[in-house]
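Nothing in this text is a laboratory measurement; each read-out follows from the coordinates by a stated rule. Bear in mind the structure is a predicted one, so any value in this text is a computation, not a measurement. Please note: Cβ atoms are built from the backbone with ideal geometry, for glycine as well, and neighbour counts cover all protein chains shown.
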Amino acid sequence: MRRFSLKGRMMIAGSLLLALVLSILPLPELIAPFRPDWLLMTLVYWSIALPHRANVGTAFFTGLLLDVVLGSVLGMHALALVIPVYLAASQFQRMRNYSVWQQSFVLGALAILNKLLIFWVAYMNRDIQLDYHYFWSIVSTMVFWPWVFLLLRKGRRHLALA
């Protein structure tokens, strides 16, 4: 059995850290509603590509880290990331057989679930209202998925991660 190299661990951790930075990077007010869900895309990629290395535990930890960085209710993003990543990881063999564009639509459904879970927890705590701008990021997540997929796959193949 081949051991998972330090380069492999650094590749996964580095991509998750970059996705976390992109998730909290301040954007102008005009384009902020269109921010793709970088962390969800990265976690879904790794849970499909290497489900034995990046899985629900990784999603929970990065969700808690995002909660701490954003100052939100502890566990809100962790819950919202764990459920879609679990659904993707449980169907990873099927997802691998889809084309990148079909995966984009599946990721769109997972992003809707993610957004609804975040809204539900926020509604329970602060009684907020749902706005149609809230869902624009789902479209941009679907559009950016093929490029994120190809970039991460190229890095994974370059390092020969398995």
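Some observations on this one:
- Gaussian network model of the chain, Cα within-10 Å springs - most flexible of Arg126, Arg35, Arg94: Arg126
- All distinct Cα pairs of the chain go into the 1/r average, and the inverse of that average, the Kirkwood radius, is 16.1 Å.
- Report summary: the helix-based calculation at 222 nm, which adds -39500 (n - 2.57) for every DSSP H run with n ≥ 4 and divides by the residues of the chain, gives -24000 deg cm²/dmol.
- Computed label-point distance, nm, for sites Leu130 and Leu18 using a 7 Å Cα→Cβ extension: 3.4
- Between the Cα long axis of helix 100-126 and the first principal axis of the chain there is an angle of about 40°, rounded to the nearest 10.
- Shown for segment 62-154 is the translational diffusion coefficient from the Stokes-Einstein equation, using the Kirkwood radius over Cα pairs, a temperature of 4 °C and a viscosity of 1.567 mPa s: 90 µm²/s.
- Degrees between helix 56-70 axis and first principal axis of the chain (Cα, 0 to 90, nearest 10): 40
- Choice from Pro28, Pro36, Pro51 with maximal GNM fluctuation in the chain (Cα, 10 Å cutoff): Pro28
- For segment 1-92: Kirkwood Rh in Å [reciprocal of mean 1/r, alpha carbons]: 13.7
- Residue of Ala78, Ala88, Ala122 that the Gaussian network model of the chain assigns the largest fluctuation, springs spanning Cα pairs under 10 Å: Ala122
- The value of relative contact order for the chain, using C-alpha pairs under 8 Å at least six residues apart, is 29 percent.
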